[in-house]
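First comes the structure, then the notes that go with it.
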Amino acid sequence: MSDEMKIYTRTGDKGQTSLIGGTRVPKYHSRIEAYGTVDELNAFVGLIRDHNTIDGQLNDILIEIQDRLFTLESHLAEDPQGAVLRKLPALVEEDVKLLENEIDRMNEELSPLSSFILPGGHPLVSYSHIARTVCRRAERISIQLTETHPVPAIDLQYLNRLSDYFFVLARYFTKLTSSIETPWKPRF
């Protein structure tokens with residue numbers, strides 16, 4: 001028997017999928033929406049990593065984030081009531097601390113923020129802002145999920161800090177690419 005993952009199973013052809021634990025749910029289930037949004041975020045992180053501007057240290061941090069996002073996806077896909085429980089990887093306080101340390105490190109090189117800024121100026125800046133907004137959506141969906149299903153508090157904390165990280169990363173890329181940061185000037 002092969003250990004190779006099968007790409008198609010045909011079990012979802014009628015609009016249902018399995019949670020970790022074996023429970024079948026519709027593909028629009030709140031858990032599927034939550035981990036699907038985190039998966040979308042993970043793909044955007046990959047898009048950010050694909051740019052030549054990324055140095056080795058930053059690439060390593062982004063890979064670490066992608067790994068943690070897969071961990072978070074597994075938590076959101078787990079059904080504790082299911083028949084087949086597996087040991088899942090964990091998010092820990094050090095994961096949140098890593099994000100905070102990176103935010104602080106990048107912020108040391110940035111000018112203070114005095115207004116809202118408009119996303120854009122360079123593709124890396126824009127992709128980072130897209131990652132930030134997808135992360136915020138994942139956070140909102142995951143918080144809503146807590147009304148009916150358990151979601152570890154550390155997972156919500158990680159998503160919250162991660163969106164902050166992507167905001168600062170966008171500003172950091174603005175600096176690295178010598179792009180212009182455009183302040184929002186509301187019309188009254």
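The values are calculated or read from the model by the stated rules, or taken from the named source; none is laboratory data. Being a predicted model, the structure only gives us computed values, none of them experimental. Virtual Cβ from ideal backbone geometry, glycine too; neighbours counted across all protein chains shown.
Given (1) in contact (Cβ under 8 Å) with a residue 60 or more places away in the chain; (2) over 23 Å from Ser178 (Cα atoms); (3) outside any loop (DSSP other than H, G, I, E, B), identify the lone condition not met by Glu94.
The number of the failed condition is (1).
A quick yes/no check of all residues on (1) within 21 Å of Ile103 (Cβ to Cβ); (2) modelled with pLDDT of 95 or more; (3) polar (S, T, N, Q); (4) surrounded by 21 or more Cβ atoms within 10 Å (Cβ to Cβ):
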site	(1), (2), (3), (4)
Ser128	yes, yes, yes, yes
Phe166	yes, yes, no, yes
Leu169	yes, yes, no, yes
Ser179	yes, yes, yes, no
Arg187	no, no, no, no
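May I ask you to list the residues in region 114-161 that are touching an Asp or Glu at 6+ places or on another chain (Cβ under 9 Å) and aliphatic (A, V, I, L, M)?
Passing the criteria: Ile117, Leu118, Val125, Val134, Ala138, Ile141, Leu145, Ile154, Leu156, Leu159.
Among the listed residues Asn42, Asn59, Asn101, which satisfies the condition of being in a helix (DSSP H, G or I), within 30 Å of Thr148 (Cα to Cα) and out of contact with any Ser or Thr (no Cβ under 9 Å at 6 or more places or on another chain)?
Answer to the selection: Asn42.
Taking Ala138 and the conditions (1) of a type in the set (A, V, I, L, M, F, W, C); (2) over 19 Å from His29 (Cβ atoms); (3) under 12 Å from the mean Cα position of the chain (by Cα), which numbered condition does it fall short on, given that it satisfies the others?
All conditions are met except number (2).
Within region 142-162, identify whether any single residue is aliphatic (A, V, I, L, M), in contact with a strand residue (DSSP E or B) (Cβ under 9 Å, 6 or more places away or on another chain) and without any contact (Cβ under 8 Å) to a residue 60 or more places away in the chain, and answer yes or no.
no
(1) surrounded by 13 or more Cβ atoms within 10 Å (Cβ to Cβ); (2) in contact with a Ser or Thr (Cβ under 8 Å, 6 or more places away or on another chain); (3) among the hydrophobic types (A, V, I, L, M, F, W, C); (4) more than 19 Å from Gly36 (Cβ to Cβ): which one isn't true of Leu113, the others all being true?
(2)
Of all the residues that make up region 104-138, how many are outside any helix (DSSP H, G or I), without any contact (Cβ under 8 Å) to a residue 12 or more places away in the chain and among the charged types (D, E, K, R)?
Qualifying residue count, region 104-138: 1.
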